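Everything below concerns the one structure shown next.
The values are calculated or read from the model by the stated rules, or taken from the named source; none is laboratory data. Computed from a predicted model, the values in this text were never measured in an experiment. Cβ atoms come from the backbone with ideal geometry, glycine included; neighbour counts cover every protein chain shown. Only protein heavy atoms, including side chains, enter the accessible area calculation; ligands, DNA and RNA are left aside. Shrake-Rupley method; radii C 1.70, N 1.55, O 1.52, S 1.80 Å.
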Amino acid sequence: MRGKIYNVIQTFVSGERDQNLYYFSKGSVYFEKHAIKFSYLSLIDSHTYFNTLPLAKIRKHTDINQLMLKVNGNGKFLISINTANKSGSVVNLFKTVLLLSGEHILNFSDDCQNIFDERLLSVSIQCLSDKGSIEKMEWVTDISPANEVKLAIVITHYKREKAVELALDKITVELSKAGIDIIVVDNSQSLELPEYPSTFILKNENLGGSGGFTRGMLFAKDADYSHVILMDDDASCEVESIFRTRMLFQYSTQDKLAVSGALLDEEYSYSVWENGAKFNGICKPLMHKLDLRNPRNVSIIANSSDVIDYGGWWYFGFKLSEIKYFSFPFFVRGDDIMFSMVNDFELITYAGICSWGDSFSNKTSPITAYLDSRHHIVQLLTHLDLGKSRLNIILIKQMLICLLSYKYSSAKALLFAMEHILIGRSFWADNVDMINVRKDIALLPDEQMTSNNLISNPKELFLDDESEPLRVEPLKIEAIHRSLMRLITLNGNLVPGFMLSNDISYQNHERGIKLKSVFMKKSICYVNRQGFSYAVSRNNIEAIKIISIFTIRLIKININYKYLRKEYSEAFNTFTREKFWEKIFKVKK
């Protein structure tokens, strides 16, 4: 029995996003049910993010050493097998003309023996008859899977009922047919769904992503699943991504293989937010803003050999038996980073395996500032031994960004994080559900909620170039004397208020502040792509109070650094164990 590696036609027909993610076409090509219909000389090409075959990764991480293309259709076609050179340009490897009246197998062991040495492959099909159709096109192999895989999708849900229902409507039937189950951990206990095949709903106390995903992992482990894919409730993916992930596990030569799906932008579906990431105390997403409509960029991402440090839980698949440590009780933010790094997975990204989600920049608030700061500190006190100076640099940088952005509530949230870190492991044991902490931080004014929408159509500030949809106030080269003034005055924050301009600095909410354009201005207006805007103003009295408290707490962290390292090492070894989480779930029932 032949093993299926890629179903190319599946995403041609069912893909819901930008067409250029799935295929390029010329001439009259249209879809009817699950078939592609062609007219004379019309053409379709699979050199795209979803349908380029990353052959180098298949060779490296699986035992597949033989490849065929199965085509089922009617008509006369020119079939071209292509690759890409180092510059990303498409290069032809092999051509043949087929007169199809059913199924045909192109066996490259016979037809093109060196094809398996390439880094990536794509297929181009051109109709040479008056009309034609292709019903099936799959990359297949005669190699039998080495591993038996029982796969479950684990989704943690909190008050996104419509998003979960839409996701289940899309994937459950196909997954059920393929023997893949879905486990939804309902943290808000608010799901009222119709009955879906092969789907389990687990009512759970709201313990954030950390508790929700851990509950799902433990359920899957007890039910004898071999592998899971973790997915956010606000993320969506193609069913074919899941099938390809399972294929990698079935043929994998490495038990520690973990598949990190890319995160693409929900609104600009062709734009990469993150294709894996590095973490050295600060997150660095890889291939950020890469435009996947460009064939050269497709070659870059498919050929990527970047070593990544962690995979986000918007799409993260792995073998359950390889878990040494479960999630630290962060609630949310940072749990996926630590989980990836401490379990020593062999992490890979793979073209065509991804999900779409909202931009993280759209999710900024005092509570996210608190959660981000807190997890960065804990990572540095536990598995990342980068020293006291690195911790100081990161904390000072986080505080400066808040203050220079005039986001004083976020700065106060950072102070909360430092205070809670100093308490030690008892804080984490007492606040797994974060109820009291969330109440305290909710008392801080949220800059986005308390300020007015100042302009009727903020999108007028954006450039017209859709590939750069969120640029505002392009910056010119800065004179040396102005750079020195910004440095000496902390970007104007030490200048008396009466000397500041009343002009508003418009900033892109989704790309972070450009300090050059804020210099000597009293107010900043942050604008996002949906047209929402909010304003903040400089308040030196507030800033001085925050800096004073920050300095005291930073000194305390430095004085107690060795103690905190020991305290958090013990906390890590306690809170990431199955026994800890089983006790939590039992108590919370």
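Let's see how each residue does on (1) free of Cβ contacts under 8 Å to residues at least 60 places away in the same chain; (2) under 29 Å from Lys33 (Cα atoms); (3) open to solvent by 10 Å² or more (accessible area, probe 1.4 Å); (4) basic (Lys, Arg):
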residue	(1), (2), (3), (4)
Glu118	no, no, yes, no
Ser144	no, no, yes, no
Ile153	no, yes, no, no
Lys162	yes, yes, yes, yes
Ala167	no, yes, yes, no
Ile183	yes, no, no, no
Ser190	yes, no, yes, no
Lys203	yes, no, yes, yes
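Go through (1) assigned to a strand (DSSP E or B); (2) closer than 18 Å to Ser46 by Cα one by one and return the number of the condition Gly88 breaks.
Status for Gly88: all satisfied but (1).
Within segment 200-245, count every residue that is in a strand (DSSP E or B) and within 18 Å of the chain's Cα centre (by Cα). Write out each step before concluding.
Here is the first cut: in segment 200-245, the residues in a strand (DSSP E or B) are 200-203, 227-232, 236.
Checking which are within 18 Å of the chain's Cα centre (by Cα) leaves us with 228-232, 236.
Residues flagged as in a strand (DSSP E or B) and within 18 Å of the chain's Cα centre (by Cα) within segment 200-245 amount to 6.
May I ask you to verify whether Ile79 is part of a strand (DSSP E or B) and crowded, with 21+ Cβ neighbours inside 10 Å? Can you show your working first?
Details: part of a strand (DSSP E or B): yes; crowded, with 21+ Cβ neighbours inside 10 Å: no.
No.
Can you tell which of Ile115, Ile153 is β-branched (Val, Ile, Thr) and under 21 Å from His47 (Cα atoms)? Explain how you work it out, then say what you get.
Working: Ile153 fails: under 21 Å from His47 (Cα atoms).
Ile115 is the lone residue from the list that is β-branched (Val, Ile, Thr) and under 21 Å from His47 (Cα atoms).
Would you say Lys70 is assigned to a helix (DSSP H, G or I) and modelled with pLDDT of 90 or more?
Details: assigned to a helix (DSSP H, G or I): no; modelled with pLDDT of 90 or more: yes.
Taking the combined requirement at face value, the residue does not satisfy it.
So is Lys562 free of Cβ contacts under 8 Å to residues at least 40 places away in the same chain and either in contact with a helix residue (DSSP H, G or I) (Cβ under 8 Å, 6 or more places away or on another chain) or part of a helix (DSSP H, G or I) (or both) or not?
On the way: free of Cβ contacts under 8 Å to residues at least 40 places away in the same chain: yes; either in contact with a helix residue (DSSP H, G or I) (Cβ under 8 Å, 6 or more places away or on another chain) or part of a helix (DSSP H, G or I) (or both): yes.
Judged against the criteria, Lys562 is a match.
Of everything in segment 17-65, what is among the hydroxyl-bearing types (Ser, Thr, Tyr) and either out of contact with any Pro (no Cβ under 8 Å at 6 or more places or on another chain) or farther than 24 Å from Ser305 by Cα (or both)? Give them in sequence order.
Initial filter on segment 17-65 (among the hydroxyl-bearing types (Ser, Thr, Tyr)): 22-23, 25, 28, 30, 39-40, 42, 46, 48-49, 52, 62.
Tyr22, Tyr23, Ser25, Ser28, Tyr30, Ser39, Tyr40, Ser42, Ser46, Tyr49, Thr52, Thr62, listed by residue number.
Within the group Ile524, Ile544, Ile559, Ile552, which residue is surrounded by fewer than 15 Cβ atoms within 10 Å (Cβ to Cβ) and either touching a Lys or Arg at 6+ places or on another chain (Cβ under 7 Å) or at pLDDT below 95 (or both)? Spell out the reasoning first.
Values: Ile524 fails: surrounded by fewer than 15 Cβ atoms within 10 Å (Cβ to Cβ); Ile559 fails: either touching a Lys or Arg at 6+ places or on another chain (Cβ under 7 Å) or at pLDDT below 95 (or both); Ile552 fails: either touching a Lys or Arg at 6+ places or on another chain (Cβ under 7 Å) or at pLDDT below 95 (or both).
Going through Ile524, Ile544, Ile559, Ile552 in turn, the sole match is Ile544.
Within segment 105-113, can one find any residue that is of a type outside the set (A, V, I, L, M), farther than 18 Å from Lys4 by Cα and assigned to a strand (DSSP E or B)? Working first, answer last.
Here is the first cut: in segment 105-113, the ones of a type outside the set (A, V, I, L, M) are 107-113.
Then keep just the ones that are farther than 18 Å from Lys4 by Cα; that gives 110-113.
Applying the additional criterion that residues be assigned to a strand (DSSP E or B) yields none.
So far as segment 105-113 goes, no, none of its residues is of a type outside the set (A, V, I, L, M), farther than 18 Å from Lys4 by Cα and assigned to a strand (DSSP E or B).
Might you check whether a residue that is at pLDDT 95 or above and either of a type in the set (Val, Ile, Thr) or outside any helix (DSSP H, G or I) (or both) occurs anywhere in segment 367-377?
Checking segment 367-377: at least one residue is at pLDDT 95 or above and either of a type in the set (Val, Ile, Thr) or outside any helix (DSSP H, G or I) (or both).
Here is a yes/no grid of residues against (1) surrounded by 12 or more Cβ atoms within 10 Å (Cβ to Cβ); (2) over 27 Å from the mean Cα position of the chain (by Cα); (3) at pLDDT 95 or above:
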| residue | (1), (2), (3) |
| --- | --- |
| Thr382 | yes, no, yes |
| Asn392 | yes, yes, yes |
| Ala411 | yes, no, yes |
| Leu422 | yes, yes, yes |
| Asn453 | yes, yes, no |
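In segment 246-291, which residue that is more than 17 Å from the chain's Cα centre (by Cα) and among the polar types (S, T, N, Q) is modelled with the lowest pLDDT? Break it down into steps so the answer makes sense when it comes.
Applying the first criterion (more than 17 Å from the chain's Cα centre (by Cα)) to segment 246-291 yields 246-257, 280-281.
With among the polar types (S, T, N, Q) added as a condition, the list becomes 250, 252-254, 280.
Numbers: Gln250: 97, Ser252: 96, Thr253: 94, Gln254: 95, Asn280: 91.
Ranking the candidates gives Asn280 first.
Can you tell me which residues in segment 261-275 are charged (D, E, K, R) and either in a strand (DSSP E or B) or surrounded by fewer than 18 Cβ atoms within 10 Å (Cβ to Cβ) (or both)?
Once the filter is applied, which keeps residues that are charged (D, E, K, R) and either in a strand (DSSP E or B) or surrounded by fewer than 18 Cβ atoms within 10 Å (Cβ to Cβ) (or both), segment 261-275 yields Asp265, Glu267, Glu274.
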